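Have a look at the structure below, then the notes.
Each value in this text was obtained by applying a stated rule to the coordinates, not by laboratory testing. Bear in mind the structure is a predicted one, so any value in this text is a computation, not a measurement. Methodologically, a virtual Cβ is constructed for each residue, glycine included, from the backbone with ideal geometry; neighbour enumeration extends over all protein chains shown.
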Amino acid sequence: MARPALSSHAAVTLAFATSAAVLVLEILAGRLLAPYVGVSLETYTGVIGTVLAAIAVGTALGGRLADRADARRFLGPTLMLGGALAWLSLPVLSFMGPGAGDGPAAIVVLTAVAFFLPAAVLSAVGPMVAKLRLDDLAHTGEVVGGLSAAGTAGALFGTFVTGFVLVAAWPTRPIVVGIGAALVLAGAALWFVFAERMPSRGVAAAVLAAVVASGGLAAADPGPCQWETAYFCITVEHDLANPDGRVLRMDTLRHSYVDLADPTYLDFRYIRVFADVIETTIGPDEPIDALHIGGGGFTFPRYLAATRAVTSNLVLEIDDELVRIAEDELGLVRGPDLRVVGGDARLGIGDLDDDSFDVVVGDAFGGLSVPWHLTTREMVQQVHRVLRPGGVYVLNVIDGGPARFARAEAATLAAEMHHVAVIVPSGPTGGAPVNHVLVASDEPLDHLLSPGAIDPADGEVLVGTDLDAFIDGASPLTDDFAPVDQLLTRR
């Protein structure tokens with residue numbers, strides 16, 4: 001019986017490592033695409049589907065190549081090429097991403113351009129390894145099953161270590177560079193081991209050229225982010241018209257405007273509507289306890305703290321690094337009147353006491369979309385629980401065109417609270433995504449229609465029959481069915 005061309009330990013290690021590398025790239029792809037197409041269920045669906053297609057193609061081609069030539073000739077070059085293509089994904093995204101557009105097609109195309117080839121090339125290693133381990137038919141099932149198990153274990157390892165460890169410890173791009181470097185070095189080692197079966201000089205030259213070129217491009221590519229947290233690609237821009245003005249961008253969204261010298265300056269229309277709603281509903285001089293779901297640039301908590309003598313602001317913000325950036329770059333000062341609690345708001349609100357807030361402000365986003373679990377009846381029930389009698393819930397929702405998501409969210413509020421209003425932009429929008437401010441309370445909201453309550457330039461108030469016409473039979477969102485990304489109109 002002939003001795004296998006590759007040891008069992010080496011084969012298992014290769015199957016494990018290449019599968020892990022593919023899943024690391026798949027998990028990171030969602031973060032790398034976020035500055036260009038946002039973060040949504042559609043983003044991860046496009047990434048998973050595209051990478052699965054690459055795995056299928058790579059496995060098929062790797063098996064065909066292994067049947068036609070000595071796989072030992074190609075193991076090293078394949079690993080090196082996979083590492084080089086992982087590096088190349090970074091400058092490719094920087095070049096293609098800004099013009100990619102949005103929607104499912106853009107997500108799939110951008111994922112395919114950046115990640116299809118590295119995933120396919122690395123997936124070709126498994127069939128090559130299996131071919132080298134098959135020395136007789138009596139052990140075919142054992143060999144193939146063992147290598148399949150090793151590949152699955154590697155995929156699980158790559159998934160868990162990336163999602164739970166790597167993205168919390170390092171920015172995404174250095175992780176990709178590190179994975180590429182490890183693959184290139186491992187491929188070079190295999191190339192040396194099987195030097196007597198080295199591929200033709202042309203193939204060798206092409207692989208080496210790809211490694212050098214992609215490594216140089218990846219090293220020279222700065223990426224789109226000033227800071228990359230576990231959740232967002234963040235930049236802070238200076239307003240050229242105002243030395244104290246700062247604009248916070250998170251992934252694809254111009255998220256907040258902060259005036260470092262004047263916390264009462266509200267640049268965004270929806271933030272001005274927030275202020276009008278609260279001053280009209282509660283009164284301009286009344287002390288309030290406010291809960292903020294999402295921090296962003298902390299513009300509105302700072303505004304309330306600056307304009308009311310006795311005000312308590314509690315902000316639930318999932319991204320601790322964003323809080324640090326807001327302190328360093330946006331003038332955030334925490335204290336008794338402005339506290340921040342880290343963690344997911346859906347979990348955090350469950351720890352708060354009943355009847356403890358006069359105002360709840362919803363302004364949490366992932367891209368253009370409110371995270372779906374913050375939009376449902378079950379979440380509104382929690383908001384209702386922590387509001388005092390007569391308290392008000394104001395919520396920022398971005399939607400365009402037929403506004404299917406905004407209408408569904410209005411229906412959701414109406415299913416749990418007695419009175420609802422929607423404040424839409426004044427004048428035509430051309431179907432573009434715009435901010436809708438939704439208001440809910442157990443007290444009537446007709447006062448929002450009073451002259452001077454809401455600046456007409458900032459919005460038109462819909463209540464009563466106008467609100468019913470806006471909702472137009474839309475179904476409330478629930479934890480069992482909240483297709484927020486599918487309802488949202490992005491153009």
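What's the angle, to the nearest 10 degrees (0 to 90), between helix 172-193's Cα axis and the longest principal axis of the chain?
0
Expressed in nm², what is the orientationally averaged projection area of the convex hull enclosing the Cα positions of region 8-219? Present the calculation step by step, with values, prior to reporting the outcome.
On the way: hull surface 46.4 nm².
Seen from a random direction, the Cα hull of region 8-219 projects 11.6 nm² on average.
Amide H of Asn313 versus every other amide H placed in the peptide plane: which residues, excluding those fewer than 5 positions away on the same chain, fall under 5 Å?
Ala290, Leu338, Arg339
Dipole size in debye (nearest 20) for region 42-127 around its Cα centre, Lys and Arg Cβ +1, Asp and Glu Cβ -1?
So the magnitude is around 360 debye.
Could you go through region 437-446 in sequence order and give the Karplus-derived ³J(HN,Hα) for each residue, using 6.51 cos²θ - 1.76 cosθ + 1.60 with θ = phi - 60°, rounded to whole Hz, and x for Gly and Pro?
9, 9, 10, 9, 7, 8, 9, x, 10, 4
Step through the residues of region 419-431 one at a time and calculate ³J(HN,Hα) from phi using the Karplus curve (6.51 cos²θ - 1.76 cosθ + 1.60, θ = phi - 60°), rounding each to whole Hz and writing x for Gly and Pro.
Once rounded to whole Hz, the list reads 9, 9, 9, 10, 10, 9, x, 6, x, x, 10, x, x.
Tell me the label-point distance for the pair Ala209, Val161, using the 7 Å Cα-to-Cβ offset, in nm and rounded to one decimal.
According to this spin-label approximation, the distance is 3.4 nm.
What is the helix-to-structure angle for 8-37, meaning the angle in degrees between its Cα long axis and the longest Cα principal axis of the chain, kept from 0 to 90 and rounded to the nearest 10?
Around 30 degrees separate the two axes.
Just to check I understand the Karplus step: with θ = phi - 60° and J = 6.51 cos²θ - 1.76 cosθ + 1.60, what whole-Hz values come out for region 156-169, glycine and proline as x?
Those phi angles translate into 5, 4, x, 5, 5, 5, 6, x, 9, 10, 4, 5, 8, 9 Hz.
His255's amide H: which non-local residues (gap 5+, or another chain) put their own amide H closer than 5 Å, with H modeled 1.01 Å from N in plane and none for Pro or chain starts?
Answer set, sorted by chain and number: Leu248, Arg249, Met250.
Please report, to one decimal in angstroms, the Kirkwood hydrodynamic radius of region 233-487 built from all distinct Cα-Cα pairs.
18.3
Which FRET efficiency value, to the nearest 0.05, is calculated for Asn242 and Ala60 with the Förster distance at 60 angstrom and r the Cβ-Cβ distance?
0.55
Report the far tail of the P(r) of region 390-442, meaning the percent of Cα-Cα pairs longer than 17 Å.
Values: 453 of 1378 pairs.
Cα-Cα pairs in region 390-442 separated by more than 17 Å: 33 percent.
Which translational diffusion coefficient, to the nearest whole µm²/s, is obtained for the chain from the Stokes-Einstein equation, given a Kirkwood hydrodynamic radius over C-alpha pairs, 20 °C and 1.002 mPa s?
D = 86 µm²/s.
Name the long-range amide H neighbours of His436: under 5 Å, sequence gap of 5 or more, or other chain; modelled H, no Pro or chain starts.
Long-range HN contacts for His436: Val397, Ile398, Asp399.
Taking the dipole about the Cα centre of the chain, with the C-beta of Lys and Arg at +1 and of Asp and Glu at -1, give me whichever of Gly473, Ile179, Thr159 is farthest to the positive side.
Ile179
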